[in-house]
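Worksheet: the structure to be examined is printed underneath.
No value in this document is a laboratory result; all are computed from the given coordinates. From a predicted model like this one, the values you see are computed outputs, not experimental measurements. Cβ placement follows ideal geometry from the backbone for every residue including glycine, while neighbour counts extend to all protein chains displayed.
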Amino acid sequence: MSDVASVLVVVALGVLGLSLLLVLVRFVRGPSALDRLVALDAVVAVIMCGLMAQVALTRDSAIVPTIVAVSLVGFLGSSTVARFVGRRNEGRTARQTPTGSGGGDES
């Protein structure tokens, strides 16, 4: 790898580190569970990008299966939490709806 490409990869890793720090702040300060879920997805994406930059820097393809595993775990975790939050919100909506209102189609 040329010197310019190595410098660019190192700069990219620095930017990824900064973005990881900002996303972790959003994760800690997020007012809702969905904000934290989005922040967690962003953490997984930044980790994957960092691993890909490491592959580009070292030209070692042994890390690629790890990237695939991290992406699968991130997807499964996100979909599980989204399903949980969706079910929780459905239960909350059902409790708030007064009985007999039907919700719309009353022809």
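Worth pointing out:
- Residues Arg59 and Phe27, FRET efficiency given R0 of 35 Å [Cβ-Cβ distance, rounded to 0.05]: 0.60
- Legend: P(r) of the stretch 3-96 from all alpha carbon pair distances, 5 Å bins from 0, whole percents, reading 2, 13, 17, 18, 17, 12, 9, 5, 3, 2, 1, 1, 0.
- Taking packing as the residue-averaged number of other Cβ atoms within 10 angstrom, the listed peptides 58-70, 33-45 run from highest to lowest as 33-45, 58-70.
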